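Inspection log for the structure reproduced underneath, given as structure tokens.
The values are calculated or read from the model by the stated rules, or taken from the named source; none is laboratory data. Small disclaimer: the values here were computed from a predicted structure and weren't measured. Here Cβ is always computed from backbone atoms with ideal geometry, including for glycine, and neighbour counts include all displayed protein chains.
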Amino acid sequence: MRRSQKEILESARGISRRGLMLGVIQASVLGVLGLKLRSMQLEHEDEYRLLADGNSIKIRLLPPARGLILDRTGVIIAGNEQNYRVTLTREEAGDVSRVIAGLRRIIPMSDMQVAQLLEDIAKRSAVTPVLVADRLDWAEFSSIAVNAPALPGVTPESGLSRNYPRAGDFSHVLGYVGPVSDYDLSKIENPDPVLRLPEFQLGKVGLEAKMEEALRGKAGNRRVEVNSAGREMRELSRQEGQQGATVQTTLDAALQNFATQRLGEESAAAVVIDVTNGDIVAIASSPVFDPNMFVRGISSADYQALMKHDHRPLADKTVQGLYPPGSTYKMVSLLAGLEAGVINGGSHFYCPGYLQVAGRRFHCWSRGGHGSVSPTQSLERSCDVFYYELAQKLGIERMSAMARRLGLGERHDLPLSAVAEGIAPDRAWKRARHKQEWQIGDTINASIGQGYVLASPIQLAVMTARVATGKAVIPRLVRAIDGQPVPVPEFESLGISPANLAIAQRGMDDVVNGSHGTGAKSKIMKPEWRMAGKSGTSQVRNITAAERARGVVRNEQLPWNRRDHALFVCYAPYESPRYAVSVVVEHGMGGSTAAAPIARDILLFALAGGLPPLDAYPASQRGGIEEMRSKMNLHIAEPGNSTTRARA
């Protein structure tokens, strides 16, 4: 069918319109491309010429500032300080030996340091900066910056380094940071590129290690122009890194300082828990060390001195140390017996000074015995025979179940290194661990916290908090992260009869305030701060029958490391508990003489919110307390900064 002339003209006009539209679109695209080319060639000529020259624009990572760690009031206990350093990048340096020779004319470098530097350079990628020197003074740093054009590949940097303003007070709980090692990198599946920066520091132990990801922050970067010789000519752009999170702990800096000072040079540990919310307000291990030594690079001599010290200053005894709890365990045995109905508040056992079981004589600490002993008196006088009798009726399974209910034999979830689980032994445990069957003698020993039973100071503090409140108090160390409070859980009831708890609590009260209490010398005189407690002395050596026959060697006559451990646990106020404390003094010989005074003094400081008045102590001890205080170097820090001032 033939088309009319009119149809042909209309079709031609339609094609023309479409062609025009297509032409307009093409022209627009070409126009945009032309404008972009003009912009690239004229307005951004310098930048793109540099890019075209190849490797003339470098992107450098900027390490982020590490997050701060604060005490509960805002005092900085881990912060950052200015650090001037210089790095060298092999790819940009060219003749490395010549560059190093130039640096040696500006900053002192021994032949050994140069050899180590060359070894580090050889091990690292050619594009990875290697630390030449850090903690330079301003004169050295500025001299290198002035001479930078003549030192290709050398970059002077001003950054931040970790600083612990309270030195040893928090050494064990905070731990320390150090340079990233190959071993550290091997443990991380996809290492953050910032970890490969020269001398970048990450947490090695303690809170620093357990909260590394939160504290590390996120790296920034800067774009720099370098010339063909690799010299940095100018900075094109900079994006600062994101500082790590600020972590606020539950710790009280003033109380921590006092606890550390009170432990002195003893090989010891102390833990203070707020029983109302589980906050650990002090956790001190002694002797302490200065974590700043590790940040700055500890010398071999200093490290060896720490390693060889017989008091083990690098060990965190509060969570890593495991000790036979001795008589502090008697609350476990007593509550297990009361809850099982084996005994009640009116029960009595007779103590002649020993008990014969399965052909073996188990002795009480009082050779003359205690006579007829009630449950509360068993704690007040710490009668061993009472618990030997109870153990035979009770059995190890129910005893160990109560121990676990009170927080022993449990690894508490805290951001600290190597938190120990302890041992609340039973038949299955011995069979699995020692391939042996449980014996009645094992039960007898366990009833007084000896034998296989082991507990850490943090576990003993939790046990005391739970006995004081009847609730499953859970310890915590972090209060807030970047201002966001960490929720406090609602503590569940232990399910222990209030009447039975009251018996154990009265017994602990009588330990300190009763006429025959083993801890009577550490009594608190202010009624509103009345303290309940329990002493413990645990053997670290076996006393043979032959030694008993000829006379047991006194602790004072033994080498230090063979003497008994001293323990004391306590809480106050008795009527309305607020704080629970545990103290362990390794080889301190007597719980009531070595550990109880320390625990009482730390508890008083917590209750008073500072140094308590002298009338809180027995009159006969006030002169000695004043003298002790005068020798202490106590500090108070203002919230929000790390400055301190001495307090007598």
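Each residue in region 167-191 was checked for being over 19 Å from S417 (Cβ atoms) and assigned to a loop (DSSP other than H, G, I, E, B), and 3 pass. Against the condition under 25 Å from L70 (Cα atoms) and either among the hydrophobic types (A, V, I, L, M, F, W, C) or assigned by TED's automatic domain parsing to the domain that holds Y579 (or both), how does P485 come out, does it pass? Yes: the conditions hold for P485.
Restricting region 182-221 to residues that are touching a residue at least 60 places away in the same chain (Cβ under 8 Å) and among the β-branched types (V, I, T) leaves a set whose member that is surrounded by the most Cβ atoms within 10 Å (Cβ to Cβ) is V205. S286 passes every criterion in (1) more than 27 Å from F170 (Cα to Cα); (2) in contact with a Leu (Cβ under 8 Å, 6 or more places away or on another chain); (3) of a type in the set (S, T, N, Q) apart from (1).
If you go through region 207-224 and keep only what is of a type outside the set (A, V, I, L, M, F, W, C) and in a strand (DSSP E or B), you end up with K218, G220, N221, R222, R223. Of everything in region 490-508 that is assigned to a loop (DSSP other than H, G, I, E, B) and loosely packed, with under 12 Cβ neighbours inside 10 Å, the residue that is farthest from the chain's Cα centre (by Cα) is G495.
Anything in region 70-97 that is β-branched (V, I, T), in a strand (DSSP E or B) and more than 27 Å from I121 (Cβ to Cβ)? List them, or say none.
Passing the criteria: I76, I77.
For region 98-129, taking the residues that are of a type in the set (D, E, K, R) and assigned to a helix (DSSP H, G or I), the one that is farthest from F141 (Cα to Cα) is identified as K123.
Screening G341 with (1) surrounded by fewer than 24 Cβ atoms within 10 Å (Cβ to Cβ); (2) within 37 Å of the chain's Cα centre (by Cα); (3) small (G, A, S) gives one miss only, at (2).
Counting only strands (runs of 3 or more DSSP E) that fall entirely inside region 552-648 and contain at least 2 residues that are closer than 19 Å to D510 by Cα and modelled with pLDDT of 95 or more, the qualifying elements are 565-572, 579-585.
For A420, are the conditions met, namely being in the same structural domain as F349 (by TED's automatic domain parsing), within 15 Å of I448 (Cα to Cα) and either modelled with pLDDT of 95 or more or surrounded by fewer than 22 Cβ atoms within 10 Å (Cβ to Cβ) (or both)? Answer is no for this residue.
So is D120 surrounded by 12 or more Cβ atoms within 10 Å (Cβ to Cβ) and more than 30 Å from T318 (Cα to Cα) or not? Criteria met by D120.
For (1) touching a Ser or Thr at 6+ places or on another chain (Cβ under 6 Å); (2) of a type in the set (F, W, Y); (3) farther than 30 Å from N633 by Cα, each residue gets a yes or a no:
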residue	(1), (2), (3)
V114	no, no, yes
R124	no, no, yes
V127	no, no, yes
E140	no, no, yes
G153	yes, no, yes
R162	no, no, no
G178	no, no, no
S181	no, no, yes
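Out of V373, V385, one residue alone is assigned by TED's automatic domain parsing to the domain that holds I503, among the β-branched types (V, I, T), closer than 20 Å to L501 by Cα and buried (at least 16 other Cβ atoms within 10 Å of the Cβ). It is V373. Looking only at region 291-298, decide whether some residue is part of a loop (DSSP other than H, G, I, E, B), surrounded by 17 or more Cβ atoms within 10 Å (Cβ to Cβ), in contact (Cβ under 8 Å) with a residue 60 or more places away in the chain and not assigned by TED's automatic domain parsing to the domain that holds L414. Yes. With a requirement of 1 or more residues that are under 33 Å from the mean Cα position of the chain (by Cα), the helices (runs of 4 or more DSSP H) lying completely within region 344-438 that satisfy it span 396-405, 427-434.
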